[in-house]
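Each remark here refers to the structure printed beneath this line.
Since every read-out is calculated from the coordinates, none of them should be taken as a lab result. Nothing here was measured: the structure is a model prediction, and the numbers come from that model. For neighbour counting, all protein chains shown are included, and Cβ atoms are generated from backbone atoms with ideal geometry for every residue, glycine included.
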Amino acid sequence: MRYLVYHSKDPSDMVKMLNDDNILKEVNLKNYNMVAMVEALNTNDVFMVTNHIEKPWWENSEIIKHYINTRSTSIGDIIVEFDFKTPAAKAFIVSGLGFKEVKLKGGK
């Protein structure tokens, strides 16, 4: 499965969303930078390969394309699951305890 990874433009989102009660239910991608396209099995794998562990995350083999060298994926960032065969995409926000599905509005 392919995924697009978006990082929040506002670093304070990470702090605001530490509490799951503050997790957004709808996001506007204009407030995020697209940072990567990833081939992975699921959102957990996407999260793992877009984090600096032993090397910069953009050097991981699962990264198909990265757009900017940036920080690791964290709370408040968006992972969009997509398939070229179907127009519908599922989007997930990284929360303090996993991922929550969100609706997308506007953006890229």
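Structure notes:
- Of the chymotrypsin sites (Phe, Trp or Tyr not before Pro) found in the stretch 56-86, the ones in coil according to DSSP and having at most 12 other Cβ atoms within 10 Å of their Cβ are PHE84.
- Simple point charges give the picture: +1 on the Cβ of Lys and Arg, -1 on the Cβ of Asp and Glu, and for the stretch 43-105 a dipole about the Cα centre of about 300 debye.
- Relative contact order of the stretch 32-108, taken over Cα pairs closer than 8 Å and 6 or more residues apart, is 24 percent.
- For the pair ILE68 and LYS85, label points projected 7 Å from Cα toward Cβ lie 3.4 nm apart.
- For VAL35, the amide hydrogen comes within under 5 Å of the amide hydrogens of VAL5, TYR6, HIS7, counting only partners 5 or more places away or on other chains and with H modelled in the peptide plane.
- Label-to-label distance for LYS55 and LYS105 is 4.2 nm, based on points extended 7 Å past Cα in the beta-carbon direction.
- For the stretch 2-105, projected area of the alpha-carbon convex hull averaged over all directions, nm²: 6.3 nm²
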